[in-house]
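The values are calculated or read from the model by the stated rules, or taken from the named source; none is laboratory data. These figures come from a predicted structure and were not determined experimentally. All Cβ positions, even for glycine, are placed from backbone atoms using ideal geometry, and neighbour counts span all protein chains on display. These accessible areas exclude ligands, DNA and RNA; they are computed on the full protein's heavy atoms, side chains included. Shrake-Rupley method; radii C 1.70, N 1.55, O 1.52, S 1.80 Å.
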Amino acid sequence: MTLKKLVAGNWKMHGLSSDLDEIQSIATQAQRYPGVDVALCVPAILVERAARAVPGFAIGGQDVHHAEKGAHTGCTSASMLLDAGASLTIVGHSERRDAQREGDAEVQAKAHAALACGLNVILCVGESLQVREGGNAVRTVVDQLDASIPHDPTEEAELAIAYEPIWAIGTGKIPTMPEIAEMHAAIRNKLVERYGDAGASVRILYGGSVKASNAGEIFAIQDVDGALVGGASLKAADFIPIVAAAAG
Ligand code: PGA
């Protein structure tokens with residue numbers, strides 16, 4: 001099945017009011033590619049201003065708390081992101097799994113919370129270099145996926161998976177094309193095993209050092225349904241060529 005590609009930017013801890021012009025530029029230029037879904041996941045505090053600046057363009061958060069509300073100092077709930085104008089959120093990024101010690105069960109709870117309130121979710125999985133070099137990448141990522149994804153795909157909001165090898169994030173290194181193909185096929189199989197036919201329409205993004213120069217060959221791989229882009233999403237000049245590559 002060929003799915004419409006999704007190219008999402010992950011701005012991480014980058015973005016001030018002075019960057020709203022760049023967001024506008026990305027949103028305007030993305031309109032040239034109606035065959036691709038484009039989104040920017042910005043810091044929570046910028047979501048509202050970004051969403052106001054680019055009506056109709058998908059602005060997302062980068063994390064949500066699993067609880068609806070309560071005594072969780074410094075955290076952001078899914079309904080707060082939605083209220084601020086977000087239509088999606090990332091959950092389970094490896095930088096949070098690592099620095100904030102988020103485990104699979106917590107990532108799954110976050111995904112449930114976001115989907116239940118109508119936010120689309122990009123749920124990240126990926127292996128360390130040590131696991132890749134030990135030959136256990138596929139097994140590890142499939143197990144992580146199995147333990148992190150929601151019990152059921154919902155109809156209220158869309159789940160997408162991002163396969164992001166930790167060693168490829170921000171390093172300029174990427175797996176070989178056969179390695180990406182092998183992983184995406186294994187993720188697809190697990191999604192179909194878990195969700196039946198609905199698993200065939202969950203988009204699987206690749207993330208980790210995606211740039212204009214490698215995007216074309218990555219998007220040509222079966223079951224690569226888009227990309228989650230970090231560093232190269234901060235400037236329209238770097239990001240829009242990746243969107244163009246997804247348009248084919
Ligand atoms: P990168 O980051 O594109 O800068 O490697 C990707 C990500 O962490 O989502």
Practice task
Go through the residues of region 22-30 one by one and say whether even a single one is open to solvent by 50 Å² or more (accessible area, probe 1.4 Å) and among the small types (Gly, Ala, Ser).
Solution key: no
Exercise for the section: Please state which of the following conditions Ile204 fails to meet, knowing it meets all the rest: (1) assigned to a loop (DSSP other than H, G, I, E, B); (2) within 13 Å of Thr2 (Cα to Cα); (3) in contact with a strand residue (DSSP E or B) (Cβ under 8 Å, 6 or more places away or on another chain). Expected result: (1)
Exercise for the section: Considering every residue within region 70-93, establish whether at least one is open to solvent by less than 70 Å² (accessible area, probe 1.4 Å) and of a type in the set (D, E, K, R). Expected result: no
Exercise for the section: Please identify the pairs in which a residue from region 91-112 that is farther than 16 Å from Ala67 by Cα has its Cβ atom under 6 Å from the Cβ atom of a residue that is assigned to a helix (DSSP H, G or I) and within 15 Å of the ligand (Cβ to nearest atom), counting only partners at least 6 apart or on another chain. Expected result: Ser94/Ile166
Fill in the blank from the handout: Only one of (1) in contact (Cβ under 8 Å) with a residue 12 or more places away in the chain; (2) more than 24 Å from Tyr163 (Cα to Cα); (3) in a loop (DSSP other than H, G, I, E, B); (4) not β-branched (Val, Ile, Thr) does not apply to His72, and that is (1)
Fill in the blank from the handout: Residue pairs within 6 Å by beta carbon, gap of at least six or interchain, first lying in region 2-31 and under 17 Å from Cys124 (Cβ atoms), second modelled with pLDDT of 95 or more and open to solvent by 40 Å² or more (accessible area, probe 1.4 Å), listed first then second, are Leu6/Asp37
Practice task
Among residues belonging to region 97-138 that are within 13 Å of the chain's Cα centre (by Cα) and within 23 Å of Ala50 (Cβ to Cβ), point out the one that is surrounded by the fewest Cβ atoms within 10 Å (Cβ to Cβ).
Solution key: Asn120
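Results for (1) within 16 Å of the ligand (Cβ to nearest atom); (2) in a loop (DSSP other than H, G, I, E, B); (3) closer than 24 Å to Ile59 by Cα; (4) acidic (Asp, Glu), shown as yes or no for each residue.
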site	(1), (2), (3), (4)
Gln130	no, no, no, no
Pro150	no, yes, yes, no
Ala157	no, yes, yes, no
Ala185	no, no, no, no
Val192	no, no, no, no
Gly199	no, no, no, no
Ser213	yes, no, no, no
Handout entry: Looking only at region 171-183, and only at residues there that are surrounded by 13 or more Cβ atoms within 10 Å (Cβ to Cβ) and not in a helix (DSSP H, G or I), the one that is farthest from the ligand (Cβ to nearest atom)
Key = Pro175
Practice task
Look at Glu217 and say whether it is more than 20 Å from Ile90 (Cβ to Cβ), open to solvent by 10 Å² or more (accessible area, probe 1.4 Å) and either in a strand (DSSP E or B) or at pLDDT 95 or above (or both).
Solution key: yes
Handout entry: Options Thr2, Thr89: the member that is on the phi < 0 side of the Ramachandran plot, modelled with pLDDT under 95 and not charged (D, E, K, R)
Key = Thr2
Problem - Yes/no for Val142 being under 15 Å from Gly208 (Cβ atoms), modelled with pLDDT of 95 or more and part of a helix (DSSP H, G or I) - result: no
